[in-house]
Amino acid sequence: MRIFGENGVRRILMLTAFSAISALLLIALFILNEGLPFIFRYGVSNFLFTSEWIPAKGLFGIFPMIMSSIWVTLGAMMIGAPLGVAGAIFLTEYAPPAVMKIIKPTIELLASIPSVVYGFIGVMVLAPIIREYFGGPGLSLLAGCIILGIMILPTVISISIDSILAVPRSYREGSLALGATTWQTTHMVTLKAARSGIVASIVLGLGRAIGETMAVIMVAGNSVNIPSSALDSVRTLTANIALEMSYATGMHRQALFATGVVLFIVIIILNSIASTAIRKRKTYK
């Protein structure tokens, strides 16, 4: 009975694992089946590298939204990645253990806050500040970068902390015994040993930023144009899908699915990079 029970549990767990994989494959096949035919029919270069998105006239160029997504994501990473890694270094190497035990769970709770809450704060607090002190409409590329930079902090900080704590204590002790300061040990030893995990945290944060929808819709302004300034209103790929899918039909609907294919491929690439960085183990010499 005991052996039968173990076999039964193993089969149930295997079935559960394969059901999750099957669901992912079905989603991928559905998106690809809906989007790829349109891309090949409309033309890859016309779809990706033209700037006119006018569904009523049969024009479906997503280049402005690609550029907007890139700029919003890069801006978010310029804010979130340095702050996240710096916060992880402070909590692991300088903060007292009691402070670490309080702050780390609090930071992780930020990941559970709905994105619409971040968007609401951006609309009510951040956008008026940008409008008053920098000009422009307030709902802009800059607002999107700041909100997304804050949203990715829990991911970057949490994974970076775990990576730094995974570095053997003997590395630090050996460096300190040779006369290195705490910062020299952190910079030259700990961070290099934890580099793969820190890179993975940044890449995962990048994936979170490029895939975010609701907060970006609320704070970025949603104008289809290539931004020439951080104060310009922009529309990202995810925002375009969310805004227009409810009423899109025919080629318009297919174009939105094709946009989803582009996002799907980009996120797969980013997740693959993160997985490779996590698996990578370098021996510190």
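Each reported figure results from applying straightforward, stated rules to the coordinates on display, with no laboratory input. On a predicted model such as this, the values are computed, not experimentally measured, just so you know. All Cβ positions, glycine included, derive from the backbone under ideal geometry; neighbour counts span all protein chains shown.
Values as computed for the structure displayed
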| quantity | calculated |
| --- | --- |
| Contour minus Cα-Cα distance for ASN225 and ARG253 (0.36 nm per residue) | 8.0 nm |
| ILE267/LEU176 FRET efficiency (R0 51 Å; Cβ-Cβ; nearest 0.05) | 0.80 |
| Global geometry of the chain, whether rounded, prolate or oblate, following the gyration tensor of its Cα atoms and the 1.5 cut on a/c | oblate |
| The stretch 177-262 - Debye-derived log10 I(q)/I(0), Cα point model, q = 0.10 Å⁻¹ | -0.47 |
| Point-to-point label distance, ILE27-LYS192, nm (Cα→Cβ direction, 7 Å offset) | 4.0 |
| Amide proton proximity set for LEU59, modelled H, under 5 Å, gap of 5+ | ILE54 |
| Cα pair distances exceeding 12 angstrom across the stretch 2-48, given as percent | 71 |
| log10 of Debye I(q)/I(0), alpha-carbon scatterers only, for the stretch 1-147 at 0.11, 0.13, 0.14, 0.16 Å⁻¹ | -0.84, -1.00, -1.05, -1.10 |
| Residue among ILE198, ILE103, ILE39 with the largest mean-square fluctuation in a Gaussian network model of the chain, springs linking Cα atoms under 10 Å | ILE103 |
| Candidate aspartates and glutamates - alpha carbon under 17 Å from LYS192, same-chain residues fewer than 8 apart omitted | GLU93, ASP162, GLU173 |
| Förster-model FRET efficiency, 25 Å R0, ARG169 and ALA86, C-beta, rounded to 0.05 | 0.70 |
| FRET efficiency, 1/(1 + (r/R0)^6) with R0 22 Å, evaluated for MET78 and ARG131 via beta carbons | 0.50 |
| GNM result for the chain, Cα springs below 10 Å: residue of ARG11, ARG169, ARG253 fluctuating most strongly | ARG11 |
| In Hz, Karplus ³J(HN,Hα) per residue of the stretch 254-267 (6.51, -1.76, 1.60; θ = phi - 60°; x = Gly, Pro) | 5, 5, 5, 5, 5, 4, x, 4, 4, 4, 4, 5, 4, 5 |
| Residue-by-residue Karplus 3J(HN,Hα) for the stretch 90-95, coefficients 6.51, -1.76, 1.60, Hz, glycine and proline x | 4, 5, 8, 10, 10, 6 |
| Gain in span if fully extended, PHE18 to ILE103, counting 0.36 nm per residue against the direct Cα distance | 26.9 nm |
| The stretch 27-135: GluC sites (Glu not before Pro) in DSSP loop, at most 14 other beta carbons within 10 Å | GLU52 |
| Positive minus negative residues near GLN254 (Lys, Arg vs Asp, Glu; Cβ under 15 Å) | 0 |
| Karplus-derived 3J(HN,Hα), 6.51/-1.76/1.60, for each residue of the stretch 145-161, Hz, glycine and proline x | 4, 5, 5, 5, x, 6, 5, 8, 4, x, 5, 5, 5, 4, 5, 5, 4 |
| Long-range HN-HN contacts of SER223 with modeled amide H, under 5 Å | VAL234, ARG235 |
